[in-house]
Amino acid sequence: MSRAFTIGARASLPSRVRGAVLFIALIVLVAMTLAGIAIMRSVDTATLIAGNLAFKQGTMQSSDNGIEQAYQWLLANRPTLSLDNAGQGYNSGYANPVWTTSGTWTNSVTVGTDAAGNTISYQIHRMCNCPNTLYNGVCPSLQANQCALDNPLGTGAPPPPAAGESFTVGSPGYLQDPRLYYRITVRTQGPRSTVSYVQAMVAIGL
């Protein structure tokens, strides 16, 4: 008996197998779509974070302007620094309010808004226990007013040897007036609800 063979004939897959391949292909397509969406979302998140950090850095840099403005105000008003001046954001006594509360900034000074859209405000606190009292005066409680000074002696006497700066045994002592410390707090509000708080301590001669 002779048998006939067909060369190159391709066996067809059963219908059930063809359905399984289609199902697997759909699953792979869905997985690739989800992976693409996840990548796009991660890129968008990274872009938002980088943008927010840039805005935050911008507010920090703008805070320097507020510190400089407050420092110049202190220099120009040295004779009256023992008294409060709410209109100029100045407090002659130490306080540590909640800076993130809007009511804390009611009596602050607004320097203005810079080219980057940052609004700068500041407050000043004299580092003394009692407000409206001379730095060496007596508080209403009949106790001596205590202030932070860079020369604790406050007498104009030369400091003892090795008591600061370049003083060593046998070197001359230099007379200096005591300087009182003031704390400047600056709030800078920028785009995208960005807020930065910066504090600086400055010493002003009496």
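Please determine whether any residue of the range 108-123 is touching a Leu at 6+ places or on another chain (Cβ under 8 Å) and among the aromatic types (Phe, Trp, Tyr).
no
Given the conditions (1) open to solvent by 80 Å² or more (accessible area, probe 1.4 Å); (2) modelled with pLDDT of 80 or more, and given that Gly103 satisfies all but one, which numbered condition is not satisfied?
Gly103 satisfies all of (1) open to solvent by 80 Å² or more (accessible area, probe 1.4 Å); (2) modelled with pLDDT of 80 or more except (1).
Could you list, in sequence order, all residues of the range 144-157 that are assigned to a strand (DSSP E or B) and either modelled with pLDDT under 90 or within 23 Å of Gly89 (Cα to Cα) (or both)?
The initial filter retains those residues of the range 144-157 that are assigned to a strand (DSSP E or B), namely 144, 147, 149.
Within the range 144-157, Cys147, Leu149 qualify.
Is there any pair with a first residue in the range 61-80 that is within 14 Å of Ala200 (Cβ to Cβ) and a second that is open to solvent by 70 Å² or more (accessible area, probe 1.4 Å) and not in a helix (DSSP H, G or I) whose Cβ atoms are under 6 Å apart and which are 6 or more apart or on different chains, and what are they?
Pairs found: none.
Taking the range 107-143 as the region of interest, how many residues are farther than 20 Å from Leu81 by Cα, among the hydrophobic types (A, V, I, L, M, F, W, C), open to solvent by less than 80 Å² (accessible area, probe 1.4 Å) and assigned to a loop (DSSP other than H, G, I, E, B)?
So the count comes out to 1.
Condition first: farther than 20 Å from Pro191 by Cα, in contact with a strand residue (DSSP E or B) (Cβ under 6 Å, 6 or more places away or on another chain) and not basic (Lys, Arg). Now tell me which residues in the range 110-132 satisfy that. Step through it out loud before you land on a result.
First, pick out the residues of the range 110-132 that are farther than 20 Å from Pro191 by Cα: 123-132.
Filter once more, so that each one left must be in contact with a strand residue (DSSP E or B) (Cβ under 6 Å, 6 or more places away or on another chain): 123-128.
Matches in the range 110-132: Gln123, Ile124, His125, Met127, Cys128.
The values are calculated or read from the model by the stated rules, or taken from the named source; none is laboratory data. Computed from a prediction, not measured in an experiment: that's the story for all the values here. Note that each Cβ is placed from the backbone with ideal geometry, even for glycine, and that neighbours are counted across all protein chains shown. Heavy atoms of the whole protein, side chains included, go into the accessibility calculation; ligands, DNA and RNA do not. Shrake-Rupley method; radii C 1.70, N 1.55, O 1.52, S 1.80 Å.
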